[in-house]
Structure formats: C-alpha cells, structure tokens
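Since every read-out is calculated from the coordinates, none of them should be taken as a lab result. Since this is a predicted model, take the numbers as computed values, not measurements. Reconstructed Cβ throughout: ideal geometry from the backbone, glycine too, with neighbour counts over all protein chains shown.
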2 protein chains.
Amino acid sequence: MKLNETIKSILERKSVRRYTDEPVGEETLSTLVEAARWAPSGLNNQPWRFVTIESREKLDEVAGFTKYAKILNNSTAAIGVFLDTSTIYHREKDIQSIGAAIENILIAAEALGVGACWLGEILNRREEVEKALEVAPTLELMAVIALGHPPETDEGSNAARKGRLPSETLIVGKF
Amino acid sequence: MKLNETIKSILERKSVRRYTDEPVGEETLSTLVEAARWAPSGLNNQPWRFVTIESREKLDEVAGFTKYAKILNNSTAAIGVFLDTSTIYHREKDIQSIGAAIENILIAAEALGVGACWLGEILNRREEVEKALEVAPTLELMAVIALGHPPETDEGSNAARKGRLPSETLIVGKF
C-alpha cells in the first residue's frame, strides 16, 4: 500500500465521542466547511447547505433530538448538513454527494486534530432539528456532525475505530 | 483557513478525463480500495462492494454504457462501486456512506497523483453494467470511477475544477 499524509488521514479517521472544553474555533469551522464545499456533485449542482453551531444552548437543544445526546452535550461545536431539495437533480446521486461532503469534513477534522462524530440517528427527528436550526422549508436534514477537541487518550475520547471487512470480501470482482 | 497536505488534497481534487498509457498498477488500485474500505457507515454496516477493472477489453465494454464513453475508453483502470442491498439498514444513510467511500477513492487518487473521474450518468444503464461486471443480484451499481495517469498539463487531461458557490450561500445559519 502507498502511504502519505492524506492517505493516513483517511485511514486513521475515527469517530470521537468525547471532547475537551477547548472551543473548535471559527477558523477551523470555516476550514471544515471549505473542505465540504469542494466535494464533487453531479452536474456540479452542489446540493449541500450547512448550519454551524457553537452556542452551548443550541448544541444542547439539538442534543435533545437524538438518543446520542451525550455526544452533542459534550461537543463544543457541530455542523448540520442539509440537502437543498430545490436544487436536486437526481435524489440518490445528490445524497451520494452529501456523503462526499460529509466525508471531506471528517477527513479535514482528522487532519486538523479535531474530533468528529457523524450522527445519523438524529434523522428520526429530522423535522424538529430543522425547526430548531431555523432552515428554509426546502432544506432537508442529512446529518449532524459533532465536533470538539479530543482528550489526550483514545479511552478518554471514547473513540471507536471499528474493524472493517477484509478487502477480499469487499472486492467482488477483478477484470 | 488552515492548510496541510490532507486539506490541500481535498481542495485540489478535480475530475481528470484524459490519461496517459501508463498503467495505474495493482498497488495503487489496492490503496484506493483500502481508502474506500475505511469510510464510515451507519452501524459500521459497510454497504460498499467494488469491482476493479484493468482489462482494456472490459473497460471498453463498460464504456459502451455511458455517453461519456471516451473517458473510459481512454482510462487505464476503473473501479465499479456497488451497494450491497443485502446488508442495507437505511437506504439513504447507506447511500451517503457510498458517497463517503467514493470520495475517499477520489481524494486518495489526488494524493497519489492519479487522475480520476466519477461517472454517474452510467447509472442510466445500471443493469447492463451489473451484467458486464458479473456481480451478484443483490449488488446495485452506484458509480464507476475512471482512473489513469494525468497528462502533464491540465489542458491535456481535460481536467475541470469547476467553481463553487460562495460559503455565504452554503452556510445558511450560524448559532
């Protein structure tokens, strides 16, 4: 396998679920959105929209809509990721692009030493989150990414880097 | 904005549509699949499966299923990306994860100096591609990624790094 800094960031990215009190900071948040902004999308339609959250009160309000509340209660920032259904051209391809934008945020966070956790279960209460974040009616919640500085040890951060299926299982054909 | 090698790879990634004759090579292809393998997915269900293609004959056969045939006719390798519908837990979240895995391949390719182009239009003839790549009936084509070494100039590679909407448009709320 070929290794370099970028590939290390991709391979070492993991979910971080506990954070220190140190703020993520405006510059880092902007960089994460910038990374998302350069994701690819079909016909370059850029279906993603973002809400950044640093307010303790708002983080705790949004936490109330997921059974993984503790992660957001503990995080110092978050990014709400939305699909703009008014710019949609092919729903499934647009949702793939949203996934690409989310992954850019997660890899960029890893590269900056910021802990991140992709929250999907919160979609069960999508409409309440959309209301709390005061987005336009055409915006549909796709994910919330919790952010914060990781504690010094992985144990402290409750970081899980789960295993993966072997390549032999994932590569189902070679021509 | 904060910059480092990983963030540069994310920001500089672009679609490369013409390639030299130099093979991508087994080691690079393995690294790209390895990058995809470490993408995040809900409940770690890893819904992605891959078919790697280096055979000239197979690349040209698959090219026949897209109006962007020239890209695959010119590429020296490709990766077919599939959703394993037998492992699905939430179709839209799984498709986001597929997008994350695709983005890992694209960023890793950029970091290794390999040109890549995400082909989505080919989904219009999904079933024919699935048949050509001889995948199991539970596998559903999500994308084909064309790969090859880029010519020395961007003009030669027909690389397009399209513009993006300004952050002010994409960030629809701050709390």
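Things to note:
- Failed item, numbered, when B:Phe82 is tested on (1) within 28 Å of B:Asp21 (Cα to Cα); (2) part of a helix (DSSP H, G or I); (3) at the interface with another protein chain (Cβ under 9 Å from one of its Cβ atoms); (4) not basic (Lys, Arg): (2)
- Filter result for the condition that a residue is touching a helix residue (DSSP H, G or I) at 6+ places or on another chain (Cβ under 8 Å), surrounded by fewer than 20 Cβ atoms within 10 Å (Cβ to Cβ) and under 16 Å from B:Ile102 (Cα atoms), over B:Ser41, B:Ser30: B:Ser30
- Segment B:15-46, subset touching a residue at least 12 places away in the same chain (Cβ under 8 Å) and of a type in the set (Ser, Thr, Tyr), residue nearest to the other protein chains (Cβ to nearest Cβ): B:Thr31
- Helices (runs of 4 or more DSSP H) contained entirely in segment A:88-175, each with at least 3 residues that are touching a strand residue (DSSP E or B) at 6+ places or on another chain (Cβ under 9 Å): A:91-111, A:126-132, A:167-170
- Given (1) under 22 Å from B:Thr169 (Cβ atoms); (2) more than 9 Å from chain B (Cβ to nearest Cβ); (3) of a type in the set (A, V, I, L, M), number of the condition A:Ala100 does not satisfy: (2)
- Hits in segment B:125-137 (condition: within 10 Å of another protein chain (Cβ to nearest Cβ) and either within 12 Å of B:Ala78 (Cα to Cα) or not hydrophobic (A, V, I, L, M, F, W, C) (or both)): B:Leu133, B:Glu134
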